Amino acid sequence: MRRLMVVPAASCLLIVAACTGRDSGAPDTATPPGETIVVATEPIADTAPPATDGPPDTLAIINLADLPPLLTGDVRPGVEQLAVLGADPGLEFSLRVLPGPQDGGGDQQYPAVVATGTTDEYGSLLFRDLDPADLYIVESALSRDLPLQVLTRDAHPETAFYAEQRLPAPGYGYITMRDGTTLAANVVLPGPVEDGPYPTVVEYSGYTPADPEGQGFGDLFTPLGYAYVGVNMRGTGCSGGSFRYFEYAQSVDGYDVIEAVAAQPWVFENRVGMVGVSYPGISQLFVAQTQPPSLAAITPFSVIDDSYNSTLSPGGILNTGFAVEWTEDRVDQAQPAIDPDGVILDEGGQGWAKERIAAGDEMCAANQALRLQNPDLIGEVFDSPFYEADVGDEIAPRLFVDRITVPTFVAGAWQDEQTGGRFATMLDRFTGTDRLYVSLMNGLHTESIGPANFARWIEFLDLYVARRTPSLATARTIAPILAAGLFGTGELELPPDRFAGMTHGEALAVFENEPAVRVLFEEGAADGTPARTPLPRFVEEFDAWPIPEVEPTEWFLGSDGALLTEPEPDNGRAGYLALPDGIPATFYDGNSSDLWRVDVEWDWQEPAPGTAATFLTPPLDETVTMIGSASADLWASSNLGDTDFEVTLSEVRPDGQEMYVQSGWLRASHRALDEAASTELWPVHTHLAADAEPLAGGDGGSGFDLVRVEIFPFAHVFRAGSQIRLSVDAPGGNRPVWVFDTIAGGEQVQIALGGDYPSKIVLPVVPGLDPPAEHPECGALRGQPCRRFSG
């Protein structure tokens, strides 16, 4: 006779916590109330029929007698993860799954093994990508755990979970996540805690924001009257857990961080904002999609719209320069700081974490336990030449920014040498908030926090986080100091306080009634300032992005290198040898941060003869202003059946100088379009392996295929007398720190001209603007090098 033990699911999970040593203080969010787990306490015969008289809503039938004894150590359920901690090293484990009732789980007698693994030298093992609807059993040959579920993404803890946590104020401490993982945090206050509460901002990344000895945004914001909290992501620095690039657990951690910080008694109105550039800018998008109730506003600066297309593999071509090198740095810094015996390691990890461990920080030491469970991110990068939706969609902000509901201020530069400048293509997807503000400019990675945008940034934070009338009084002292450190010049001034004498409500109304999109033109050529000073020459404002007034305008590639307003009637062609080694891979050779300085020296070289096809308009009769993405629509062939394209837009000026504007890239075999998403100005490629196909001309074939190359967004004034130039060649030589793993290797590329194959470029012309008539000094514009036009 079979004896059944019926246990309410929630109770079972509490029992599991007690039996396995996991932190029972973590919130119970796993199983809906009222469902039950039915556990058989005697062996079930192989031929025994499924139980039909069990209680309703049965999740599973589990035969404990067939399983090994209880697991010793800690099995910690996380968000779609299960971690084994404190087991013997080298122990093999199996993960068994019992599907939930929606999958017929009540009829399953013998749990299936869905994953196996071996504990590392720290006695740790992590199972990722688990379904929260299922029940799991972790077992080895020596032990097993009671069934349990992983945490769901959106079942958040009660407010008491956060209210009970207290951070040092000021000082260094740890924030507990819903799965028991602790993240390192450093609190810097603008004054004594008793003088609070203070408006508060959070910086969250895998860099070193929690380092109490570090210098950064804490030094910037506390003089402005803000409390600053820097938090290291899981698996980095002194934070626990395992690191994987923007897996969803990091987003949910961000939710917990925001709520725990906001619950501190020294936080103004118990609401916080987020700040950060690049990595800690991008992280804001990931956190804000989870909609923490206490998040007041975000300021994601110098960000990406899509990990694959923006930086890692623009146009499907792997960026082995900045993108791979950055990933290698993250992998190295996420390595453990100590070995299993507690000895500090010479290689890998973050230096400040090693210093804290050496000084006796036991939590930091314990938090290194899961570091060897980090995935091989570099291997994954090189093993994934195509877009894989199950991985890429999760780390593409453009696919989830519609879930962001708080006031948002996005800023960045077109020629950003790190994140790439493609972020503007997602601006129209911020449909969840009606308070989106945008600043767009020419320049490099740090333009977003430069003096050109600093005043608007402070105004935004004062209005939405501090909820006070903005004042630039202190900012006037800070901005030149910041500029001197980043750009090598402090010779600048912020604009006057435009809200003086207004109440907060009055100032907010003025701010919200202004056009949302601000385009800063010709940064580096402001009147009365030295060349490359990070201030714009003029500013235009618009109500939306893409610019509503934009007019897609065609120029057709013609014979003898002409770029024409009408296609030529007869078929023609232009050819070149795809030789990426013809010029240096980048046009900058120096420290990666020195290129932001006003005294930077570029070495932008012309492609070697015969290695590029170039096209040039006649001198323009009228000034033409362009803002937005562009498309180079090339009818092309290659004798090898594929090639990598780089198309570069530049301005040839009446003074004989050529100025860089923007580039785009595409592997020809990746040319398949997402027709529903593509527009005349913006070709969107699927980059799916199933859509890849050879380019015409391979194996002695003939004909041409249409290849639409995306040119990243830009804003530029082509003045009367200047000429628009389009260059087509193999990738390389048009970015300061990007290097491409190109397949180009001497193939003959042909581009059809006119007739049946009218290759063209479509550019985003915005009429009705009135820019300054005179050309700026060549070489003054930030991020836009010049060279002598060689014709």
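Regarding ALA715, is this residue surrounded by fewer than 23 Cβ atoms within 10 Å (Cβ to Cβ) and modelled with pLDDT of 95 or more?
Values: surrounded by fewer than 23 Cβ atoms within 10 Å (Cβ to Cβ): no; modelled with pLDDT of 95 or more: yes.
No, not satisfied.
None of VAL406, VAL381, VAL410 is under 30 Å from ASN319 (Cβ atoms), among the β-branched types (Val, Ile, Thr), in contact with a strand residue (DSSP E or B) (Cβ under 9 Å, 6 or more places away or on another chain) and modelled with pLDDT of 95 or more except VAL410.
Quick grid of which residues meet (1) open to solvent by 40 Å² or more (accessible area, probe 1.4 Å); (2) without any contact (Cβ under 8 Å) to a residue 24 or more places away in the chain:
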{"residue": "GLY490", "(1), (2)": "no, yes"}
{"residue": "MET502", "(1), (2)": "yes, no"}
{"residue": "ALA509", "(1), (2)": "yes, yes"}
{"residue": "ALA516", "(1), (2)": "no, no"}
{"residue": "GLU523", "(1), (2)": "no, no"}
{"residue": "THR533", "(1), (2)": "no, no"}
{"residue": "PRO536", "(1), (2)": "no, no"}
{"residue": "GLU540", "(1), (2)": "no, no"}
{"residue": "TRP545", "(1), (2)": "no, no"}
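Looking across the range 401-420, the residues that are under 15 Å from the mean Cα position of the chain (by Cα) and farther than 22 Å from PHE460 by Cα come down to ASP416, GLU417, GLN418, THR419, GLY420. Filtering the range 371-405 to residues that are part of a loop (DSSP other than H, G, I, E, B), open to solvent by less than 40 Å² (accessible area, probe 1.4 Å) and farther than 27 Å from PHE714 by Cα leaves ASN374, PRO375, SER384.
Against the condition open to solvent by less than 10 Å² (accessible area, probe 1.4 Å) and farther than 25 Å from LEU620 by Cα, how does TRP635 come out, does it pass?
On the way: open to solvent by less than 10 Å² (accessible area, probe 1.4 Å): no; farther than 25 Å from LEU620 by Cα: yes.
So TRP635 does not fit the description; no.
Flag: ASP770 does not match the condition of being surrounded by fewer than 16 Cβ atoms within 10 Å (Cβ to Cβ), of a type in the set (Asp, Glu) and touching a residue at least 40 places away in the same chain (Cβ under 8 Å).
Any residue that is part of a strand (DSSP E or B), of a type in the set (S, T, N, Q) and at pLDDT 50 or above - is there at least one of those in the range 57-65? No, because not a single residue in the range 57-65 is part of a strand (DSSP E or B), of a type in the set (S, T, N, Q) and at pLDDT 50 or above.
None of VAL287, VAL257, VAL261, VAL272 is touching a Leu at 6+ places or on another chain (Cβ under 9 Å), within 23 Å of GLY412 (Cα to Cα), in a helix (DSSP H, G or I) and aliphatic (A, V, I, L, M) except VAL287. Within the range 697-712, does at least one residue satisfy the condition of being open to solvent by less than 40 Å² (accessible area, probe 1.4 Å), of a type in the set (Phe, Trp, Tyr) and touching a Phe, Trp or Tyr at 6+ places or on another chain (Cβ under 6 Å)? Among the residues of the range 697-712, at least one is open to solvent by less than 40 Å² (accessible area, probe 1.4 Å), of a type in the set (Phe, Trp, Tyr) and touching a Phe, Trp or Tyr at 6+ places or on another chain (Cβ under 6 Å), which makes the answer yes. State yes or no: is GLY218 on the phi > 0 side of the Ramachandran plot and either open to solvent by 40 Å² or more (accessible area, probe 1.4 Å) or within 30 Å of the chain's Cα centre (by Cα) (or both)? For GLY218, the condition - on the phi > 0 side of the Ramachandran plot and either open to solvent by 40 Å² or more (accessible area, probe 1.4 Å) or within 30 Å of the chain's Cα centre (by Cα) (or both) - is not met.
Residues in the range 727-785 that are over 28 Å from VAL717 (Cα atoms) and of a type in the set (D, E, K, R): ASP741, GLU747, ASP756. Number of residues in the range 431-445 that are surrounded by fewer than 24 Cβ atoms within 10 Å (Cβ to Cβ), out of contact with any Pro (no Cβ under 8 Å at 6 or more places or on another chain) and outside any strand (DSSP E or B): the value is 3. The test for being touching a helix residue (DSSP H, G or I) at 6+ places or on another chain (Cβ under 7 Å), assigned to a strand (DSSP E or B) and of a type outside the set (Gly, Ala, Ser) does not hold for TYR162.
Checking the stated criteria, GLY590 turns out to be closer than 29 Å to VAL739 by Cα and out of contact with any strand residue (DSSP E or B) (no Cβ under 8 Å at 6 or more places or on another chain).
To keep it simple, each residue is scored yes or no on (1) assigned to a helix (DSSP H, G or I); (2) at pLDDT 95 or above; (3) under 14 Å from the mean Cα position of the chain (by Cα).
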{"residue": "SER310", "(1), (2), (3)": "yes, yes, yes"}
{"residue": "GLY315", "(1), (2), (3)": "yes, yes, no"}
{"residue": "GLN335", "(1), (2), (3)": "no, yes, no"}
{"residue": "ASP346", "(1), (2), (3)": "no, yes, no"}
{"residue": "ALA365", "(1), (2), (3)": "yes, yes, no"}
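Evaluated against (1) among the β-branched types (Val, Ile, Thr); (2) over 30 Å from VAL465 (Cα atoms); (3) open to solvent by 10 Å² or more (accessible area, probe 1.4 Å), VAL277 falls short on exactly one condition, (2).
Any residue in the range 281-298 that is farther than 27 Å from ALA424 by Cβ and either touching an Asp or Glu at 6+ places or on another chain (Cβ under 6 Å) or among the β-branched types (Val, Ile, Thr) (or both)? Reasoning before the result, please.
The initial filter retains those residues of the range 281-298 that are farther than 27 Å from ALA424 by Cβ, namely 293-294.
Applying the additional criterion that residues be either touching an Asp or Glu at 6+ places or on another chain (Cβ under 6 Å) or among the β-branched types (Val, Ile, Thr) (or both) yields 294.
Within the range 281-298, one or more residues are farther than 27 Å from ALA424 by Cβ and either touching an Asp or Glu at 6+ places or on another chain (Cβ under 6 Å) or among the β-branched types (Val, Ile, Thr) (or both).
Any idea which residue in the range 87-104 is modelled with the highest pLDDT, counting only those that are of a type outside the set (D, E, K, R) and out of contact with any Ser or Thr (no Cβ under 8 Å at 6 or more places or on another chain)? Result: VAL97.
Quick one: is ALA578 over 32 Å from the mean Cα position of the chain (by Cα), crowded, with 18+ Cβ neighbours inside 10 Å and under 24 Å from ALA632 (Cβ atoms)? Judged against the criteria, ALA578 is not a match.
Taking the criterion of being small (Gly, Ala, Ser) and surrounded by fewer than 23 Cβ atoms within 10 Å (Cβ to Cβ), the only residue of the range 242-261 that qualifies is SER251. Of note, PRO300 satisfies the criterion of being open to solvent by less than 10 Å² (accessible area, probe 1.4 Å), within 19 Å of the chain's Cα centre (by Cα) and of a type outside the set (Asp, Glu).
In the range 82-104, the residues that are on the phi > 0 side of the Ramachandran plot and surrounded by fewer than 23 Cβ atoms within 10 Å (Cβ to Cβ) reach residues that are hydroxyl-bearing (Ser, Thr, Tyr) and at pLDDT below 90 with C-beta atoms within less than 9 angstrom, at least six apart or across chains, in these pairs: GLY86/THR72. Does GLN373 fit the bill of being among the polar types (S, T, N, Q) and over 30 Å from VAL684 (Cα atoms)? So GLN373 fits the description; yes.
Would you please name the residue that is most open to solvent (accessible area, probe 1.4 Å), looking only at residues in the range 745-756 that are in contact with a Pro (Cβ under 9 Å, 6 or more places away or on another chain) and over 16 Å from SER727 (Cβ atoms)? Talk me through it step by step, then tell me what you get.
Within the range 745-756, the first condition is being in contact with a Pro (Cβ under 9 Å, 6 or more places away or on another chain), and the residues that meet it are 745, 752-755.
With over 16 Å from SER727 (Cβ atoms) added as a condition, the list becomes 745, 752, 754-755.
Values: GLY745: 61, ALA752: 2, GLY754: 2, GLY755: 31 Å².
Across the range 745-756, the extreme among qualifying residues is GLY745.
All conditions but one from (1) modelled with pLDDT under 95; (2) open to solvent by less than 40 Å² (accessible area, probe 1.4 Å) apply to ALA466; the one that does not is (1).
Of all residues in the range 406-430, those being touching an Asp or Glu at 6+ places or on another chain (Cβ under 6 Å), crowded, with 24+ Cβ neighbours inside 10 Å and either in a loop (DSSP other than H, G, I, E, B) or of a type in the set (A, V, I, L, M, F, W, C) (or both) number 2.
The values are calculated or read from the model by the stated rules, or taken from the named source; none is laboratory data. All values reported here derive from a predicted model rather than from experimental measurement. All Cβ positions, even for glycine, are placed from backbone atoms using ideal geometry, and neighbour counts span all protein chains on display. Keep in mind that these areas ignore ligands, DNA and RNA; they rest on the heavy atoms of the full protein, side chains included. Shrake-Rupley method; radii C 1.70, N 1.55, O 1.52, S 1.80 Å.
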